[in-house]
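The values are calculated or read from the model by the stated rules, or taken from the named source; none is laboratory data. Note that this is a predicted model, so its numbers are computed, not measured. Neighbour counts are summed over all protein chains in view; Cβ atoms, including those assigned to glycine, are modelled from backbone coordinates with ideal geometry. With ligands, DNA and RNA removed, areas are computed over all heavy atoms of the protein, side chains included. Shrake-Rupley method; radii C 1.70, N 1.55, O 1.52, S 1.80 Å.
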Amino acid sequence: MNLNEKIRAVRKAKSVNQSLIADALHISVQSYSMKETGKRPITTRELELIAEVLETPISNFFENEFNVKFNKSTA
């Protein structure tokens, strides 16, 4: 799984929309979408901001055994 795919997986698992991250990066949703699909590169600073918005350590995106698991309340 590529970096951009891991970011998308975490974002979706946490129910965060692309516009929230795009706002944090000060770019359009379309530009962010291109980064998330791998059509544009993600800079180190952008990755830091994305991890901050998603409330996840950057190191999670570089794990070989990447697995997105979040506890979801069923109440």
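Okay, residues lined up against (1) assigned to a loop (DSSP other than H, G, I, E, B); (2) in contact (Cβ under 8 Å) with a residue 40 or more places away in the chain:
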| residue | (1), (2) |
| --- | --- |
| ARG11 | no, yes |
| LEU20 | no, no |
| LYS39 | yes, no |
| ILE42 | yes, no |
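Among the residues of segment 1-24, the one identified as more than 17 Å from ASN60 (Cβ to Cβ) and among the acidic types (Asp, Glu) is ASP23.
Identify, please: which residue in segment 1-45 is small (Gly, Ala, Ser) and on the phi > 0 side of the Ramachandran plot and is, among those, most open to solvent (accessible area, probe 1.4 Å)? I'd like the intermediate steps shown before the answer.
First, pick out the residues of segment 1-45 that are small (Gly, Ala, Ser): 9, 13, 15, 19, 22, 24, 28, 31, 33, 38.
From what's left, on the phi > 0 side of the Ramachandran plot: 15, 38.
Working: SER15: 100, GLY38: 49 Å².
Only one residue fits best here, namely SER15.
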